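Asks: Sharing a structure here in structure tokens format.
The values are calculated or read from the model by the stated rules, or taken from the named source; none is laboratory data. Computed from a predicted model, the values in this text were never measured in an experiment. Cβ atoms come from the backbone with ideal geometry, glycine included; neighbour counts cover every protein chain shown.
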Amino acid sequence: MSRTRRLNCIIPPHILYKLLESEDPEVRQAALDSLVSTARLRGERSVRGSLPGAAAGNGRRTIFDCRRGRFLHSAELARSEDGPASTDESVNRAFDGLAETRDFFREVLQRNSLDDRGMRLDGYVHYDAHYNNAFWDGRQMVFGDGDGKLFTDFTGSLDVIAHELTHGVTEFTAGLAYHNQSGALNESMSDVFGSLVKQWSLNQSAETADWLIGADVFTPGVDADALRSMKAPGQAYDNALFGRDPQPDHMRNFANLPDNERGDFGGVHINSGIPNKAFYLAAARIGGFSWGAPGVIWYESLKASGMDTQFQSFADTTYRKAEELYGDGSAEQLAVLSAWQEVGIRISGVPAGVARARGAAVNGNGGVGREDGLAALSKQIRELSAQVRGLTEEVTALKGKKWPPRVDAGRSSDGR
């Protein structure tokens, strides 16, 4: 399959461009250097995009030290799968983060590394001087140290590592084209599984997780919760440095941006807030651990998607997968249905009235006390039948006819 490949960076361009307006010359220079370096890397990536990726190796990890250089081929070996721990904590954090992500996909989703064929995992630390980003380039994971003023060492964020590696999973499954809605889905899949790896590592439930992406990339002096919030898109930050988080949480606020680098290739890091919110809502309503049913539904839907999959198509796929995996009218399927509805996407083929009736069976309390979807629909049918029967009996009485008393079977739960 032919795929449109891009360099996938964790820091979206709109933040770096905003930093170019800073009154602090050091902040401006670091942002400019990061943008220039990323543009150069994109050019190199396009040249070797058709070359084969990393060899199979049962997910074996190798970490290299760039020593603040810009050329990966000159980096030094810092730690291997069978070697001792390093004295450099950046090396060890990257090594451990690759393992957590690899083990999550293997143990939770039965996937053998990023390509499902044991692809080896290579990481490069200390890339460039004051580089404010981390990225997956289709072959390896690369980490900047940050400028120390706004951004810290990017190896310190497990969800960032998992986010970037998930771009590899997406590339080897759906191959979602990195622009417009398919690109926003690409970014959203990385946020979803980046968050799930962190939740899995910390044994957090949907209720106790923070649902933040990149909460650890800022220095303590920066007034920001994270790069993105899946629970509350658009509320991760609001300050003079970065401006206000531009992510929408509903289709009515979808951002139509140019399909170029400055426009974030159609707003892939921005519009990803919509499917991000849908996943959070589904996970919260199903309850328990989000890497269970919600994660499996999204993963199977990713595998069933293609390069040009749009929001509507992906939403429809998650609904069908929920049915295949957990049953028609199951609590899991109803949670998926209502989650997409809440962000402004109606599942195809589900009439609005039916959607409202089914959605009523799911509450927002993390799944606690929810009713099975079919049972809820049956209850509503019984209640309607009881009302019709009551009206029939009243009409019959008016005609002077006396019907024998009815048995209780089929009456509504309130006894009518």
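Asks: Take Leu176 and tell me if it is crowded, with 24+ Cβ neighbours inside 10 Å and within 14 Å of the chain's Cα centre (by Cα). Lay out the reasoning, then the answer.
Replies: Numbers: crowded, with 24+ Cβ neighbours inside 10 Å: yes; within 14 Å of the chain's Cα centre (by Cα): yes.
Considered against the rule, which asks whether it is crowded, with 24+ Cβ neighbours inside 10 Å and within 14 Å of the chain's Cα centre (by Cα), Leu176 comes out as yes.
Asks: Give Gln181, Gln235, Gln199, Gln247 a once-over and let me know the one that is part of a loop (DSSP other than H, G, I, E, B), buried (at least 18 other Cβ atoms within 10 Å of the Cβ) and of a type in the set (S, T, N, Q). Outline the logic, then answer.
Replies: Values: Gln181 fails: part of a loop (DSSP other than H, G, I, E, B); Gln235 fails: buried (at least 18 other Cβ atoms within 10 Å of the Cβ); Gln199 fails: part of a loop (DSSP other than H, G, I, E, B).
Exactly one of Gln181, Gln235, Gln199, Gln247 is part of a loop (DSSP other than H, G, I, E, B), buried (at least 18 other Cβ atoms within 10 Å of the Cβ) and of a type in the set (S, T, N, Q), namely Gln247.
Every residue, every condition in (1) surrounded by 22 or more Cβ atoms within 10 Å (Cβ to Cβ); (2) among the aromatic types (Phe, Trp, Tyr); (3) farther than 20 Å from Thr170 by Cβ, yes or no:
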residue: Asp316; (1), (2), (3): no, no, no
residue: Lys321; (1), (2), (3): yes, no, no
residue: Gly329; (1), (2), (3): no, no, yes
residue: Leu337; (1), (2), (3): yes, no, yes
residue: Val343; (1), (2), (3): yes, no, yes
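Asks: Residue check: is Ile270 in contact with a His (Cβ under 8 Å, 6 or more places away or on another chain) and either part of a helix (DSSP H, G or I) or hydroxyl-bearing (Ser, Thr, Tyr) (or both)?
Replies: Numbers: in contact with a His (Cβ under 8 Å, 6 or more places away or on another chain): yes; either part of a helix (DSSP H, G or I) or hydroxyl-bearing (Ser, Thr, Tyr) (or both): no.
Answer is no for this residue.
Asks: Then there's this: Looking at region 125-150 only, could you name the residues that are buried (at least 23 other Cβ atoms within 10 Å of the Cβ) and out of contact with any Ser or Thr (no Cβ under 7 Å at 6 or more places or on another chain)?
Replies: Tyr127, Ala134, Phe135, Trp136, Asp137, Met141, Val142, Gly144
Asks: Then there is this: Does Arg285 satisfy the condition of being crowded, with 23+ Cβ neighbours inside 10 Å and more than 12 Å from the chain's Cα centre (by Cα)? Working first, answer last.
Replies: Numbers: crowded, with 23+ Cβ neighbours inside 10 Å: yes; more than 12 Å from the chain's Cα centre (by Cα): yes.
Against the criterion (crowded, with 23+ Cβ neighbours inside 10 Å and more than 12 Å from the chain's Cα centre (by Cα)), Arg285 qualifies.
Asks: Then there is this: Only residues that are among the charged types (D, E, K, R), over 24 Å from Ser205 (Cβ atoms) and assigned to a helix (DSSP H, G or I): list them for region 274-332, please.
Replies: Within region 274-332, the first condition is being among the charged types (D, E, K, R), and the residues that meet it are 277, 285, 300, 303, 308, 316, 320-321, 323-324, 328, 332.
Restricting the remaining residues to those that are over 24 Å from Ser205 (Cβ atoms) gives 303, 308, 316, 320, 323-324, 328.
Within region 274-332, Lys303, Asp316, Arg320, Glu323, Glu324 meet the criteria.
Asks: For residues that are within 19 Å of Asp137 (Cβ to Cβ) and either hydroxyl-bearing (Ser, Thr, Tyr) or at pLDDT below 95 (or both), tally how many sit in region 72-106.
Replies: Looking only at that region, the number is 5.
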